[in-house]
């Protein structure tokens, strides 16, 4: 007895799919009936209306019906950069009007078309010297004036040996013969009614063969909602389990915290900072581990808010780990915090990755590991030898510089500690996770009073001499210049100017101006010395790799030049721009590019137009994708079939709201639909919820 096909059955069970076709489809990622149902078109062709030649519009796809009145086949025609190609030229006539049609590499077409053949053609017309032309149009030979394919037709990604007409026929047969049985409803009826969603079978059939645009939009809405809802349900389930199984220490701000905020800090918190700290302290008073992103523009005062939360944790008898991405920043934070916390009798320690084991032992002894206090460091904070006895709060600064696994390692060091991550510009992954509900969001709006916005401009390298004159003028007026390059050493093929080369060039062009350089491969003491000399004003021009983009405070810097700006992401450019204008003078950011090419200007235009971190993160999200939300990739395309986090924000909010209605006893918490891609690892094992 023949077995009834299921969703995981091979496509070989379908009529018209043999070994050869199965191999081609498998190369496209289609192996099962499930894969085929979800192999959605990349675009559509509207073949509902036949137009006449005089109705054609340049570049607008059109369907025409007519007769071929002459044909000419040429071998070995040279065609631009494509080399030598064959071409079939034909005159297409419709009611006395003509159009020139060309098919390149047309050996398969020649044997099928003849003078007098009645055909339909579909393509984009262009105006040539002798009138309308169409290149490589799709065509159909008409017998008895009957169309085999009409309506809105799907256009699928193909591979060699597979034609659109063949795949459309296979898809139609699949939906007609198996759709009623296999496309069972996956979402509860009440939820579909609340959200205005069509049924699953209707959605999938319409996405392949839409009768009109309205139906297609309704079908897409259904599948997008289901993809987003499944992910939201998984997050909801993980948060409920976390609240039940994981208990974080209860942290409350008392008199010592109040005294620190009023007397320990060299300034009073702004209203915005007080609001942000209030949101964080409210979380800390709960035994459910906090998972919060503190986002603020560069210079908005995030560190002061974080130190207030740290003081509350220390007052409640907890240890606080403050992780920075570089030793230079960790040391700078430690030095400044130690002075502030000494006023309330709180100890601060430093643990940096490249210190000797003996040095680490001096800074974090087993006895100290039991003492409430603030511990600064880099990756050394989560190394195996580092033991925490009472870790209650983890703060991660410039979180975009850490991988997911690194963040997870530090969180696992404690017994379900609270977590606060900070960034001036969330990378696409963190922005997506905020939108999807894993991280709660606290946003600091605006800058610290008195700080002026940074002017940003785009400059071509042919204007380098003029830029050197501008640098000289800046230094003469009392300013200092950071010059950032994307590379330390020259690479092949050459794509950017390395630090060493630019440093030597500046010494040659501006020999009378004190200059220095800094990069990640320097010894810690060498980097500290380079920063100290710049802070003290001994160095007027500091040439650097991106080691300066991670929150180092250089208040004397007034101009930053970003060499080969086209090599940087928008988030990193935003961080670099934030290194200047932190003092009393207005800052300037110069984006130095090889040329004002269309691609460069288009990508950097949003950066030139806004200083808003969230706007730039949104742009980065569109450019780079939100990452594998449940895995360890930091960016890239999320494995959604149709959903787009930016485009579908309203549906995302609705899916989040629906998931938020679920209670621990609801069966829908186990929701898992075959329509959705597997999001990867179980959410209970990822860092922010783990």
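The values are calculated or read from the model by the stated rules, or taken from the named source; none is laboratory data. Worth saying up front: this structure is predicted, and the values here are computed from it rather than measured. Heads up, the Cβs are rebuilt from the backbone with ideal geometry, glycines too, and the neighbour counts pull from every protein chain shown.
Return yes when residue 688 is modelled with pLDDT under 90, closer than 29 Å to residue 619 by Cα, in a loop (DSSP other than H, G, I, E, B) and touching a strand residue (DSSP E or B) at 6+ places or on another chain (Cβ under 8 Å) and no when it is not.
Details: modelled with pLDDT under 90: yes; closer than 29 Å to residue 619 by Cα: yes; in a loop (DSSP other than H, G, I, E, B): yes; touching a strand residue (DSSP E or B) at 6+ places or on another chain (Cβ under 8 Å): yes.
Against the criterion (modelled with pLDDT under 90, closer than 29 Å to residue 619 by Cα, in a loop (DSSP other than H, G, I, E, B) and touching a strand residue (DSSP E or B) at 6+ places or on another chain (Cβ under 8 Å)), residue 688 qualifies.
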Of these, 306, 330, 313, 337, which one is touching a residue at least 40 places away in the same chain (Cβ under 8 Å) and over 30 Å from residue 243 (Cβ atoms)?
330
With (1) surrounded by 20 or more Cβ atoms within 10 Å (Cβ to Cβ); (2) under 29 Å from residue 665 (Cβ atoms) as the list, and residue 208 as the residue in question, which single condition is left unmet?
(2)
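Would you check if there is a residue in segment 33-52 being closer than 16 Å to residue 126 by Cβ and modelled with pLDDT under 95?
At the first step, the residues of segment 33-52 found to be closer than 16 Å to residue 126 by Cβ are 51.
Next, only the ones that are modelled with pLDDT under 95 stay: 51.
Within segment 33-52 (the criterion being closer than 16 Å to residue 126 by Cβ and modelled with pLDDT under 95), the answer is yes, since at least one residue qualifies.
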Might you check whether a residue that is outside the structural domain of residue 581 (by TED's automatic domain parsing) and within 29 Å of the chain's Cα centre (by Cα) occurs anywhere in segment 253-265?
no
Scanning segment 523-537 for residues that are surrounded by fewer than 22 Cβ atoms within 10 Å (Cβ to Cβ) and in contact with a helix residue (DSSP H, G or I) (Cβ under 8 Å, 6 or more places away or on another chain), the one nearest to residue 593 (Cα to Cα) turns out to be 527
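Tally time: how many residues in segment 316-350 are more than 38 Å from the chain's Cα centre (by Cα) and closer than 28 Å to residue 286 by Cβ? Break it down into steps so the answer makes sense when it comes.
Looking only at segment 316-350, we keep the residues that are more than 38 Å from the chain's Cα centre (by Cα), and these are 317, 339, 342-347.
Within this subset, residues satisfying the condition of being closer than 28 Å to residue 286 by Cβ are 317, 344-347.
The qualifying residues number 5.
Going through 193, 181 one at a time, which residue ends up being over 31 Å from the mean Cα position of the chain (by Cα), in a helix (DSSP H, G or I) and over 26 Å from residue 14 (Cα atoms)? Lay out the reasoning, then the answer.
Numbers: 181 fails: over 26 Å from residue 14 (Cα atoms).
Unique residue meeting the criteria: 193.
Residues are listed down the side, and each one gets a yes or a no for (1) within 14 Å of residue 334 (Cβ to Cβ); (2) in a loop (DSSP other than H, G, I, E, B); (3) touching a helix residue (DSSP H, G or I) at 6+ places or on another chain (Cβ under 7 Å); (4) modelled with pLDDT of 75 or more:
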{"residue": "346", "(1), (2), (3), (4)": "yes, yes, yes, yes"}
{"residue": "350", "(1), (2), (3), (4)": "yes, no, yes, yes"}
{"residue": "358", "(1), (2), (3), (4)": "no, no, no, no"}
{"residue": "369", "(1), (2), (3), (4)": "no, no, no, no"}
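For residue 218, state whether it is free of Cβ contacts under 8 Å to residues at least 40 places away in the same chain, out of contact with any helix residue (DSSP H, G or I) (no Cβ under 9 Å at 6 or more places or on another chain) and either part of a helix (DSSP H, G or I) or surrounded by 15 or more Cβ atoms within 10 Å (Cβ to Cβ) (or both). Talk me through it step by step, then tell me what you get.
Details: free of Cβ contacts under 8 Å to residues at least 40 places away in the same chain: yes; out of contact with any helix residue (DSSP H, G or I) (no Cβ under 9 Å at 6 or more places or on another chain): no; either part of a helix (DSSP H, G or I) or surrounded by 15 or more Cβ atoms within 10 Å (Cβ to Cβ) (or both): yes.
Criteria not met by residue 218.
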Out of (1) within 23 Å of residue 200 (Cβ to Cβ); (2) modelled with pLDDT of 90 or more, what's the single condition that is false for residue 4?
(2)
Across segment 2-25, which residue is surrounded by the fewest Cβ atoms within 10 Å (Cβ to Cβ) among those that are in a helix (DSSP H, G or I) and without any contact (Cβ under 8 Å) to a residue 12 or more places away in the chain?
19
Every residue from segment 132-159 that is modelled with pLDDT of 90 or more, under 24 Å from residue 36 (Cβ atoms) and touching a strand residue (DSSP E or B) at 6+ places or on another chain (Cβ under 8 Å)
152, 153, 154, 155
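Here is a yes/no grid of residues against (1) crowded, with 20+ Cβ neighbours inside 10 Å; (2) within 26 Å of residue 455 (Cβ to Cβ); (3) in the same structural domain as residue 324 (by TED's automatic domain parsing); (4) over 29 Å from the mean Cα position of the chain (by Cα):
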position	(1), (2), (3), (4)
485	yes, yes, no, no
517	yes, yes, no, yes
521	no, no, no, no
559	yes, yes, no, no
571	yes, yes, no, no
574	yes, yes, no, no
578	yes, yes, no, no
581	yes, yes, no, no
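Among the residues in segment 53-75, are any in contact with a helix residue (DSSP H, G or I) (Cβ under 6 Å, 6 or more places away or on another chain) and either at pLDDT 90 or above or part of a helix (DSSP H, G or I) (or both)?
Step one: list which residues in segment 53-75 are in contact with a helix residue (DSSP H, G or I) (Cβ under 6 Å, 6 or more places away or on another chain), which gives 73.
Still in the running and either at pLDDT 90 or above or part of a helix (DSSP H, G or I) (or both): none.
The answer is no, given that none of the residues of segment 53-75 is in contact with a helix residue (DSSP H, G or I) (Cβ under 6 Å, 6 or more places away or on another chain) and either at pLDDT 90 or above or part of a helix (DSSP H, G or I) (or both).
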Can you confirm whether residue 209 is in contact (Cβ under 8 Å) with a residue 40 or more places away in the chain and within 22 Å of residue 28 (Cβ to Cβ)?
yes
